[in-house]
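Student: Would you mind keeping the following structure in view while I ask a few things?
The values are calculated or read from the model by the stated rules, or taken from the named source; none is laboratory data. Computed from a predicted structure; not experimentally measured. Note that we place each Cβ from the backbone using ideal geometry, even for glycine, and neighbour counts take in every protein chain shown. These accessible areas exclude ligands, DNA and RNA; they are computed on the full protein's heavy atoms, side chains included. Shrake-Rupley method; radii C 1.70, N 1.55, O 1.52, S 1.80 Å.
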Amino acid sequence: AQLHAEQLHRPACAAEAYEAVLRHRPGHVEAWRGLRRASERLGDWHTFARALDGELSHDPKPVGPQRAALLRRLAEVAWKRLGSTARASHALAAALEAQPCDLESLRALEELREAMEDWRGALDVYEREVETLGDGDPERRQQVWLRVAQLASGRTGDSEKALQAFDAAAAISPLAPPLGLRHAEAARRCDRPLAELLQLPRQQIGRAHV
């Protein structure tokens, strides 16, 4: 298998040889890894996903960031090559178990949840990202809160959550006039008292609407 893969550049023959090894020793980690590499070169994504599953199942060494990276790759192939959102979701959940604060996995899961039209699931993941960011990256935190507001108002019909998200975004830095107006509209839908509504900074609402 190694000769075919490394010297003769015959990935199909290498894959066959690695499969033969695995028939005799199903837990052979190097054979799973070699099969993964050969199948990736061949564009055989079903075998690639099976090999990566086998590698992760039998190799205890990849932990933390390394394991999360392998699981993200599995999720990417499952979703974008094999069309299996369920398998991709499972892989990303496992990546976050391996590395709970992994922003790459969180953002991949956000994208996947939205593609699945799992709006409530997407909201949960966005809020988890904000918790993970803590006080860092205020620009990204504001973007996330504004996306939460958009999904809550437009997809789940949760006016209270939308208003809370607008409040959180505005607390980070003043909102541009169009967003400030949406913030004011969200406050009105939730029957926020007029006195509180008028305390919104004028630059957040826009001169034409003050």
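Student: Can you figure out the FRET efficiency of residue 80 with residue 190, using R₀ = 41 Å and their beta-carbon distance, to the nearest 0.05?
Tutor: After rounding, the FRET efficiency stands at 0.60.
Student: If you don't mind, another one. Which value, in debye to the nearest 20, describes the size of the charge dipole of the range 1-136 about its Cα centre when Lys and Arg Cβ atoms bear +1, Asp and Glu Cβ atoms bear -1, and nothing else is charged? Mind showing how you got there, number by number?
Tutor: On the way: 19 positive and 23 negative charges, 156 e Å.
Around 740 debye, computed over the range 1-136.
Student: Pop the C-beta distance of residue 101 and residue 8 into the FRET formula with R0 = 35 Å and round what comes out to the nearest 0.05.
Tutor: 0.20
Student: Over the range 61-138, give the accessible area per residue in Å² for a 1.4 Å probe, as an integer.
Tutor: In whole numbers, the range 61-138 has 52 Å² accessible per residue.
Student: Distance between the C-alpha centers of the range 1-22 and the range 32-52? Whole Å please.
Tutor: Computed from Cα coordinates, the inter-centre distance equals 11 Å.
Student: Can you give the extra length, in nm with one decimal, that the chain gains between residue 21 and residue 137 once fully stretched, where that is 0.36 nm per residue apart less the Cα-Cα distance?
Tutor: 36.9 nm
Student: Moving to a separate point now. Which angle from 0 to 90°, rounded to the nearest 10, does the C-alpha axis of helix 119-133 make with the longest principal axis of the chain?
Tutor: The angle comes out at about 90 degrees.
Student: Related question: Sorted by accessible area (1.4 Å probe), largest first, how do 132, 47 line up? Working shown, then result.
Tutor: Working: 132 45, 47 25 Å².
Highest to lowest solvent-accessible surface, that is 132, 47.
Student: What ranking, highest mean first, results for peptides 71-82, 9-20 when packing means the other Cβ atoms within 10 Å averaged over each residue?
Tutor: Final packing ranking: 71-82, 9-20.
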